[in-house]
1. What does the highest-first list of B:89-102, A:8-21, A:31-44, B:31-44 look like by mean Cβ count within 10 Å?
2. Can you give the convex hull volume of the alpha carbon atoms of chain B per residue, in Å³?
3. With charges only on Cβ, +1 for K and R and -1 for D and E, what is the dipole size of region B:43-173 about its Cα centre, in debye, rounded to 20?
4. When 1/r is averaged over all different Cα pairs and the result inverted, which Kirkwood radius in Å belongs to region B:25-103?
5. What nm distance separates the two modelled labels at B:I110 and A:Y62, each placed 7 Å from Cα along Cα→Cβ?
6. How far, in nm, would the chain grow between B:R49 and B:A155 when pulled straight, counting 0.36 nm per residue and subtracting the alpha carbon separation?
7. Using +1 at the C-beta of Lys and Arg and -1 at the C-beta of Asp and Glu, which of B:V107, B:S15, B:V46 has the Cα lying farthest in the positive direction of the dipole of chain B?
8. Take peptide B:108-119, look around each residue's Cβ out to 10 angstrom, count Cβ atoms belonging to other protein chains, and average those counts.
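FYI, it's all coordinate maths here, none of it is from the lab. Fair warning: this is a prediction, and the values are worked out from it, not measured in the lab. Cβ placement follows ideal geometry from the backbone for every residue including glycine, while neighbour counts extend to all protein chains displayed.
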Amino acid sequence: MNREYEIQRILESKRVLRRKLAALPIKEKLAMLDVLRDRLLSIRKAAALNRSVLTREHPPEYKTDAGK
Amino acid sequence: MGVADVISVFNKMESDGIIERYAIGGAVGATFYLEPSATVDVDVFVSFRLQPGQSLISLKTLYDYLTRLGCIVEGEYVLIAGWPVQFLPISGSLSGEALADAVTVNVENIPARVFTAEHLAAMALQTGRAKDKARLLQFIEAGVLESRRFEAVLARHGLTGKWQAFKKAFSGQ
């Protein structure tokens, strides 16, 4: 299948989903905000935790002749 | 507890005379027109009735009132029904007009006042952070802006040039 066609089809399906969500009753959309906020906070918390235990390897400094 | 409860508190504040008028802006305001998108706080724009002889607005009365209701003040936010809420006193002509023109939407018998889509989009253009630009694009793509009304708002608040630049950058126009 044509790759360009595939991407267009995916983008279109995303547009359709967004339109569907936008058309939901406002009470449902506000309830979704509550759930989205909880998820966002969980993700941020997990990301912060991951950052603190991340092992970083620093490459050795390059030795150059500069300044000799 | 949720956003709907936060809106009930705004209504109570207005009926108790703590604020003169409120309107919801930001991502929560945009949700009235677009698909919901994740946000961590609620932005509410408020006006106050100044007492005779008073020239400065103080948020102290508002904070004291909310504390009595059991809300918690955390820096510039007030925690209401689990949501951090930022009260933004009207500053500038665009937010003043947006508050005056705000519309009331019924959320299952709870009246919620929210900025019009055109004012939310104009404020996003004026603020201009990456997330504001993304929201403005959402408004455009969703086709919820009444173009003549939107462009009139932009013209009244000196944002036409910024709008032209935005269109050039994002839609190749």
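1. Highest mean packing first, the order is B:31-44, B:89-102, A:31-44, A:8-21.
2. 127
3. Working: 14 positive and 12 negative charges, 74 e Å.
Around 360 debye, computed over region B:43-173.
4. 14.1
5. Going by the 7 Å Cα→Cβ label model, 6.0 nm.
6. Length gained between B:R49 and B:A155: 35.3 nm.
7. Farthest towards the positive end: B:V46.
8. Counting other chains' Cβ atoms within 10 Å and averaging over B:108-119 gives 1.
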